[in-house]
1. Looking only at region 115-128, filter to residues that are part of a loop (DSSP other than H, G, I, E, B) and closer than 15 Å to Leu72 by Cβ; which one of those is nearest to ligand 1 (Cβ to nearest atom)?
2. Across region 389-404, which residue is nearest to ligand 1 (Cβ to nearest atom) among those that are assigned to a loop (DSSP other than H, G, I, E, B), touching a residue at least 60 places away in the same chain (Cβ under 8 Å) and not polar (S, T, N, Q)?
3. Give the residues of region 113-147 that are touching a Pro at 6+ places or on another chain (Cβ under 7 Å) and closer than 25 Å to Ala204 by Cα, sorted by residue number.
4. Cβ-Cβ distance below 8 Å, separation of 6 or more or different chains: which pairs start in region 428-441 with a residue that is within 19 Å of Leu411 (Cα to Cα) and end on one that is hydroxyl-bearing (Ser, Thr, Tyr)?
5. When you look at Ser183, is it within 22 Å of Arg32 (Cβ to Cβ), hydroxyl-bearing (Ser, Thr, Tyr) and touching a residue at least 60 places away in the same chain (Cβ under 8 Å), yes or no?
6. Could you list, in sequence order, all residues of region 405-438 that are within 16 Å of ligand 2 (Cβ to nearest atom), among the acidic types (Asp, Glu) and farther than 22 Å from Gly366 by Cβ?
7. Is it true that some residue in region 173-188 is part of a strand (DSSP E or B) and in contact with a Phe, Trp or Tyr (Cβ under 9 Å, 6 or more places away or on another chain)?
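Bear in mind these aren't lab numbers, they're just calculated from the coordinates by the rules spelled out. The model shown is predicted, which means the values in this text are computed figures rather than measured ones. So basically every Cβ, Gly included, is an ideal-geometry build from the backbone, and we count neighbours across all protein chains shown.
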Amino acid sequence: MKMTRRAFCAGLTLAPLARPVQAQDMPLLTARAATVQLAPDGYPATPVWSYDGTIPGPVIRAAQGSRLQRRLVNTLEVPTSVHWHGIRIDNAMDGVAGLTQNAVPPGESFHYAFDLPDAGTYWYHAHTNSMEQVARGLSGALIIEEATPPDVDRDEVLMIDDWLLDPDTGLFVDDFAAPMTRSHGGQIGNLVGVNGRYDYRLPARQNERLRLRLINSANAQIFGLKLEGLTGWTVALDGMPLDTPEPVTDTLVLAPAQRMDLIVDVTAEEGETAGLLFASADDTWRVLAEVSVEGRAASVPRGAPQPLPRNPGMEVTGIDSASVLEMPLQGGAMRGVESVTFNGQRLGWQELVQKGQFWALAGQAGLGETPFTTLSRGETARIRMTNDTIFPHAMHMHGMHFRVRKADGSLGPLRDTVLVMPNETTETAFVADNPGKWLLHCHMLGHAASGMTNWIMVT
Ligand code: C2O
Ligand code: CU
């Protein structure tokens, strides 16, 4: 059935605000239904679940060292909660329904308040049935600003997402839990966009210097990206500054939940194409964000940028004497897994599939009563993730950043989400300096919902 836009909007009802909010000066973050034009003009608008009515939600900016407060008001018809991805946060504020808090029922609210020790590019998103709630739009950028910002002309957030829409109705294809996608690579959209727009455009002047904060908020899509008409350096990954800015020469890979801060100079001339391109499924490069060049900011581009200031207390020490914990990534279509513990029962592959689960981490599907490991505060640990599946996985640890320890013992940059390719082993090393219960899961959200979620305890 083809709906006219009018009928479409008239059919939409907003849930009433069930409870008046008490604290008057507490900034709100309202989870609510809205209708947003995601598809190109001429296609119907899309009913979404949003923060404050927009896709993505509002960009939240705060100063490093300050305290962030938001009252989440849930006007949706489903329970929800907010996770502040990448923040070294107080565990009680981590937003994981069923582990660090109860989901906030419809009509109720929850007061989030936490300190911000680190500057950088982060994001916030629903962490209750995330597979569906994030896909319906519940995410936004969270930018923690350095006391002294780098020397750039502008600071721009580019939140990259995809949506799976029915072009006739504008509705999300609402089979968010389809076993076919959950057991394979996860849900991939048919429309890709930046900041809620498939045709995002950024006007700029030649030789202008921009800081681009890229965030992949897609459910499962890994983006291959390249710059055109821009000369750039990667200055931070997952919020954390690199010791030395790295010139962008090659394709950049941004897995779900990962962030990447670039400093770019607009080198294209007026009228030339410039922007951020992505490798689309048909193997062509397409424009993801167009930079349209008008006029000139300076006669020559600037030299290589300085590194961003480091965040405090992030040294990963004691790696050589740390215990190594094995975490095979298991399951999925075409591979399966022999036997797995799920809800306290030992199950074979077929039994697991009958329960709607397809994946496991170290023989455990989903959260068990006991954590994957218990670490004492300040202890250094290494987790060796071996990908025994035929799919890539974007493995994310809450509450703490890690470094990838390479085979020769050298260390990669600080990250909170690492892409582990099939048949690859990736070893993370971190200091367990944040007490609490922390999730460790795949950020392909359909995988996380089907077994690829575990947790660690820091006492
Ligand atoms: Cu982006 Cu469990 O999180
Ligand atoms: Cu996965």
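1. His127
2. In the first step, residues of region 389-404 are kept if they are assigned to a loop (DSSP other than H, G, I, E, B); the result is 389-392, 398-401.
Narrowing further to those that are touching a residue at least 60 places away in the same chain (Cβ under 8 Å): 389, 391-392, 398-401.
Now restrict to residues that are not polar (S, T, N, Q): 391-392, 398-401.
Working: Phe391: 18, Pro392: 17, His398: 6, Gly399: 10, Met400: 13, His401: 13 Å.
Per the criteria, the residue is His398.
3. Gly140, Ala141, Glu146
4. The qualifying pairs are Ala429/Thr380; Phe430/Thr380; Val431/Thr317; Val431/Thr380; Ala432/Ser376; Ala432/Thr380.
5. Details: within 22 Å of Arg32 (Cβ to Cβ): no; hydroxyl-bearing (Ser, Thr, Tyr): yes; touching a residue at least 60 places away in the same chain (Cβ under 8 Å): yes.
No, not satisfied.
6. Answer for region 405-438, where residues must be within 16 Å of ligand 2 (Cβ to nearest atom), among the acidic types (Asp, Glu) and farther than 22 Å from Gly366 by Cβ: just Glu424.
7. no
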